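Written out below as structure tokens is the structure these notes cover.
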Amino acid sequence: MRRILPIIVMAQFFSTSLWFAGNSVIGDMIRELHLQPQFLAHITSAIQFGFIAGTFVFALFTIADRFSPSLVFFTSSILAAIFNLGITLNNMHAPEVLGFRFFTGFFLAGIYPVGMKIAADYYEAGLGKSLGFLVGALVIGTAFPHLLKTFISGFPWRYVLYATSTLSIAGGLLIFLFVPNGPYRKAGQEIKLTAFLKGFRHHNFRAVSFGYFGHMWELYTFWAFVPVMLAAYNKYNPKAGLNVSLLSFVIIGCGGLACVLAGIFSQQYGAKRIAAIALSLSGICCLMSPIFLRNSSPALLLIFLFFWGLVVIADSPLFSTLVAKHAATETRGTSLTIVNCIGFSITIISIQFINIISAYIGPQFIYMLLAIGPILGLIALLQNKTA
């Protein structure tokens, strides 16, 4: 049992490195493929759309509950890696790039929520701590392509895609070879097309789910626009000379540590309390962002963004813990998947909203609108009657 969690964490890190692989090389892609500057929002939304479609299909057919989660994870990691490689083909155009990112996202639905399902099948006690490590791995995996871009600067941008696809396959093999079905797994035996709605009949499940939805309004938009914030600051203050790729990795990746610490603290203080604190702090960061995004001190900007990177994700494993806690055991995988599906649908609305409204609001003020999510999410979370 002790070796299982590190393997799941490593596999999650490897396979979720596909998520922002396209974002990390977007500048090079725009130049080589003659894409529009706004393509960042579109390529991010494409993989989110794919993830949403995948999670809906996985939830509708209760795939993570009816079949071996380890086999689902392995198969999905292979297919996601293949589609990730698709955009490295020659003579790509915008529709093809978006199509390949869509299907990469589709099969990420068999990696991220299914990884949480596998952890829940092994660690019924102390689930918050386990999911803290697991979501931490997702965060670092999401940030990792930015670090790869830094290391292979000067090499073709396709190398990032080659590396992340290789990692995804390795992650799938780790799960397939070393993580059998968990002792707390309770398999569903038949398709129930309404099973994904079952959890929403219960008040506490709805409360924590809507809290998660508020969290998701902010999270992926912040992650997607971190490089934009840094590049905009370089333009505003040319002497700053910020390394956009490296700092994007650090700002996003530091959230992995926050997830681990939040999971550990939740053991003593309760998942709901720690999630509420993190959600409140990230909402405050949204509202205070104009003060820091245009100040003359790069150090002050980076301290602020690092802190925001910590608190924006710290509540994520706790929401997953609360969702798993309030879901029926036989549909736990499906409940986690459908909540992910809805949450990621919200990220597309948020990303496109910020992208569109940025034409009318100054770049230093635009991210204040992300506070809408934490505020509404906190109101919903506090309706949950348990700790």
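So here's what we get for this one:
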read-out	value
Per-region count, the stretch 57-79, residues aromatic (Phe, Trp, Tyr), surrounded by fewer than 24 Cβ atoms within 10 Å (Cβ to Cβ) and within 16 Å of Val179 (Cβ to Cβ)	1
Matching entry among Asn295, Asn384 (being more than 25 Å from Leu40 (Cα to Cα) and surrounded by fewer than 17 Cβ atoms within 10 Å (Cβ to Cβ))	Asn295
Any chance Phe13 is aromatic (Phe, Trp, Tyr) and within 25 Å of Lys117 (Cα to Cα)	yes
Ile30 being in contact (Cβ under 8 Å) with a residue 12 or more places away in the chain and among the β-branched types (Val, Ile, Thr)	no
Check on Ser350, assigned to a helix (DSSP H, G or I), among the polar types (S, T, N, Q), at pLDDT 90 or above and surrounded by fewer than 22 Cβ atoms within 10 Å (Cβ to Cβ)	no
Among the residues listed as Gly253, Gly263, the single one being over 16 Å from Phe319 (Cα atoms) and under 18 Å from the mean Cα position of the chain (by Cα)	Gly253
Within the stretch 1-72, helices (runs of 4 or more DSSP H) holding 1 or more residues that are closer than 16 Å to Leu85 by Cβ	4-16, 21-24, 26-33, 39-60
Filtered residues of the stretch 255-284 (kept if within 21 Å of Leu301 (Cβ to Cβ) and surrounded by fewer than 24 Cβ atoms within 10 Å (Cβ to Cβ))	Leu257, Leu281, Ile284
Cys285 being closer than 16 Å to Leu370 by Cβ and not hydroxyl-bearing (Ser, Thr, Tyr)	yes
Residues of the stretch 353-373 satisfying the condition of being in a helix (DSSP H, G or I) and under 19 Å from Pro37 (Cβ atoms)	Phe353, Ile354, Asn355, Ile356, Ile357, Ile366, Tyr367
All positions within the stretch 353-371 that are surrounded by fewer than 19 Cβ atoms within 10 Å (Cβ to Cβ) and either under 25 Å from Phe56 (Cα atoms) or of a type in the set (Gly, Ala, Ser) (or both)	Phe353, Ser358, Ala359, Gly362
Which numbered condition Phe102 misses (of (1) in a helix (DSSP H, G or I); (2) under 24 Å from Leu177 (Cα atoms))	(2)
Any hit, the stretch 58-69, residues being within 21 Å of Thr164 (Cα to Cα) and either aliphatic (A, V, I, L, M) or under 16 Å from the mean Cα position of the chain (by Cα) (or both)	no
Unique residue being closer than 15 Å to Leu369 by Cβ and touching a Ser or Thr at 6+ places or on another chain (Cβ under 9 Å) when the list is Val323, Val339, Val312	Val312
Residues of the stretch 326-347 satisfying the condition of being among the charged types (D, E, K, R) and surrounded by fewer than 20 Cβ atoms within 10 Å (Cβ to Cβ)	Glu330
Number of the condition not met by Gly241 [criteria: (1) of a type in the set (Gly, Ala, Ser); (2) touching a residue at least 12 places away in the same chain (Cβ under 8 Å); (3) surrounded by fewer than 21 Cβ atoms within 10 Å (Cβ to Cβ)]	(2)
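Condition check ((1) closer than 24 Å to Thr44 by Cα; (2) touching a residue at least 60 places away in the same chain (Cβ under 8 Å); (3) surrounded by fewer than 24 Cβ atoms within 10 Å (Cβ to Cβ); (4) among the β-branched types (Val, Ile, Thr)) across all residues:
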position	(1), (2), (3), (4)
Leu98	yes, no, yes, no
Phe103	yes, no, yes, no
Leu108	yes, yes, no, no
Pro113	yes, yes, no, no
Ala119	no, yes, no, no
Leu134	yes, yes, no, no
Leu138	yes, yes, no, no
Thr142	yes, yes, no, yes
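The values are calculated or read from the model by the stated rules, or taken from the named source; none is laboratory data. Since the model is a prediction, treat every value here as computed from it, not as a measurement. Positions of Cβ are backbone-derived with ideal geometry, glycine not excepted, and every protein chain shown enters the neighbour counts.
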